Amino acid sequence: MELLKASLIRQFVFCPRIFYFYNFCDITPKYPKHVDFGNDFHKKQDELFKSRTFAKLGLSEYKAYKNQYLEDDELCGVCDMLFVGVDEVVVLEFKQSNNLNLSNGAKMQLLAYAKIASKTYAKPCKRVILCSSNHLKHKVFNIFPNDFARLKRVVKDMKNLLDNGVFPNSSASLNACNQCEFFNYCDDRE
């Protein structure tokens with residue numbers, strides 16, 4: 001079976017139709033302008049990586065990996081940063097926005113990276129860090145056992161959609177739909 005991309009977990013939670021369009025339709029989406037800003041922001045973080053110690057995050061003794069590709073038996077993806085310590089791994093995600101709140105989809109994506117990293121390095125991942133700005137403004141989110149149970153349910157739902165191929169219902173709001181790169185392909189949206 002093909003591995004599920006962790007980045008599509010976030011999209012699936014936002015709206016399962018996005019996941020459907022990526023997997024069943026030959027459509028090249030037109031991305032909103034903010035995607036370009038996000039890509040530029042990540043390039044800047046890659047440049048800053050060379051001179052950072054991560055002491056502000058309490059991770060200066062950890063081995064840091066940027067743009068780390070991870071995979072296990074069902075998931076794969078590239079996490080922005082991965083820190084490997086003596087007794088734990090920590091996943092860090094950069095966001096261009098100054099909003100340090102995790103959407104449900106973003107949390108599921110980070111949990112996917114945490115699950116894979118934990119298995120890869122045989123160490124627990126008990127926290128993820130959301131980081132914004134060039135000054136490492138950040139917020140730590142602890143991971144609880146029920147978080148991984150929720151991730152497991154989302155992954156199961158994604159696999160079910162792949163198996164049955166039925167165009168899914170969407171609970172996305174009109175505001176969410178207006179942000180979507182596939183907005184013009186949902187014929188039940190206004």
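The values are calculated or read from the model by the stated rules, or taken from the named source; none is laboratory data. Just so you know, these numbers come straight off a predicted model, no measurement behind them. Positions of Cβ are backbone-derived with ideal geometry, glycine not excepted, and every protein chain shown enters the neighbour counts. Surface areas here come from the heavy atoms of the whole protein model, side chains and all, with no ligands, DNA or RNA. Shrake-Rupley method; radii C 1.70, N 1.55, O 1.52, S 1.80 Å.
At R0 = 45 Å, how high is the FRET efficiency between K56 and F24 if r is their beta carbon distance? Nearest 0.05 is fine. Computed FRET efficiency for K56 and F24: 0.55.
Karplus-based coupling profile of region 98-103, in residue order and whole Hz: 7, 6, 9, 9, 9, 5, with θ = phi - 60° in 6.51 cos²θ - 1.76 cosθ + 1.60 and x standing for Gly or Pro. Between V86 and K139, the modelled labels are 3.2 nm apart [label points 7 Å from Cα along Cα→Cβ].
What full-extension length gain, to one decimal in nm, is calculated for R153 and N169 as 0.36 nm per residue of separation minus the Cα-Cα distance? Display every interim value, and only then the final one.
Details: separation 16, 0.36 × 16 = 5.76 nm, distance 1.73 nm.
Contour length minus Cα-Cα distance gives 4.0 nm.
Placing dummy labels 7 Å off each Cα toward the beta-carbon, the span from Y185 to Y69 is 2.5 nm. Sparsely packed loop sites in region 89-190 (the trypsin sites (Lys or Arg not before Pro) outside DSSP H, G, I, E and B with at most 16 other Cβ atoms within 10 Å) comprise K126, R189.
In the context of the full set of protein chains, region 65-190 has a per residue accessible area of 53 Å² (1.4 Å probe). In this structure, the residue pairs whose Cα-Cα separation is over 23 Å, taken from K56/K115; K63/K139; K63/K95; K107/K139; K66/K123; K5/K119, are K56/K115.
Take the solvent-accessible surface of the protein heavy atoms, probe 1.4 Å, and return the percent of it on region 63-172 that carbon and sulfur atoms account for. Don't skip to the answer; put the middle values down first.
Numbers: 2770 of 5420 Å².
Using a 1.4 Å probe with all protein chains present, region 63-172 comes out at 51 percent carbon and sulfur.
Provide the net charge surrounding E93, with neighbours chosen by a C-beta distance below 11 Å and charges set as Lys +1, Arg +1, Asp -1, Glu -1. Within the 11 Å Cβ shell, the charges total +3.
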